[in-house]
1. Could you tell me the ratio Rg/Rh of the chain? Both radii from Cα atoms, Rh via Kirkwood.
2. Using only the alpha-carbon atoms, what does region 63-142 span along each of its principal axes? Please give whole angstrom values in decreasing order.
3. Taking the full set of protein chains and a 1.4 angstrom probe, give the accessible area of Arg81 in square angstrom, rounded to the nearest 10.
4. Restricting to lysine pairs 8 or more places apart or on different chains, what number in the chain have Cα atoms under 29 Å apart?
5. Place a +1 charge on the Cβ of each Lys and Arg in the chain and a -1 charge on the Cβ of each Asp and Glu, then give the dipole magnitude about the Cα centre in debye, rounded to the nearest 20.
6. Based solely on its DSSP helices, what 222 nm [θ] is calculated for the chain when runs of n ≥ 4 H residues each add -39,500 (n - 2.57) and the sum is averaged over all residues, nearest 500 deg cm²/dmol?
7. Percentage of Cα-Cα pair distances in region 99-147 greater than 14 Å, rounded to whole percent?
8. Using alpha-carbon positions, what is the distance between the centroids of region 108-132 and region 1-47, in Å?
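The values are calculated or read from the model by the stated rules, or taken from the named source; none is laboratory data. Keep in mind the model is a prediction, meaning the values are calculated, not measured. Please note: Cβ atoms are built from the backbone with ideal geometry, for glycine as well, and neighbour counts cover all protein chains shown. These accessible areas exclude ligands, DNA and RNA; they are computed on the full protein's heavy atoms, side chains included. Shrake-Rupley method; radii C 1.70, N 1.55, O 1.52, S 1.80 Å.
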Amino acid sequence: MKKVIAIYPGSFDPPTNGHLDLIERGSKIFDQLVVAILRNAEKSPLFSLSERRLMLEAMTESFKNVQVDTFDGLTVDYAARLNARVVLRGIRAISDYEYELQMALMNRKLQPDLETVFMMPAEQYSYLSSRLVREVAQLGGSVKDLVPEMVEQRLREKLDPAIKLEHARETKTRKRV
Ligand code: PNS
């Protein structure tokens, strides 16, 4: 039987535990899952494309059928290049539905053979979004349990460059010992 390749497109700025939850669920039902970060020149993201890629690669290291990639242009064209038959998207609440429905139907219009599959993340992540994580972190709140520890650390470094310097110094000292 033909392998089912799915893509999971998004901005992932930053990747959250909600994304990770969905990746884990997707990896269990698709033969191959490609987490595809949109290269969007218009937006000014908090994390660069390569930072997001590195974080997602580290987060998904243990899933052998999951890869991380970047793309630009239309999602349907990217899916075609990969021979992917499925676009995976998460739906958290009714409020997501309208936007997701619009996107899924537009993608279907552009490429009728590409199927969008929606999955629900665990309920503890149903209110979680990258935008809220950025906002909370930027205003000094805790994002513990909302993002992996490594993302938490990167957020701290991003928002307080002094922490990054300290971290680099510690790593250097540890290497010398
Ligand atoms: O994480 P996001 O920002 O909700 O992801 C949105 C994304 C990347 C899935 C969407 O913007 C997208 O598919 N962009 C690629 C351009 C495209 O294909 N546009 C038409 C889709 S309706």
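1. 1.00
2. That works out to 43, 29, 24 Å along the principal axes.
3. 150
4. 22
5. 560
6. Rounded to the nearest 500, the figure is -15000 deg cm²/dmol.
7. On the way: 755 of 1176 pairs.
Within region 99-147, distances greater than 14 Å cover 64 percent of Cα pairs.
8. 10
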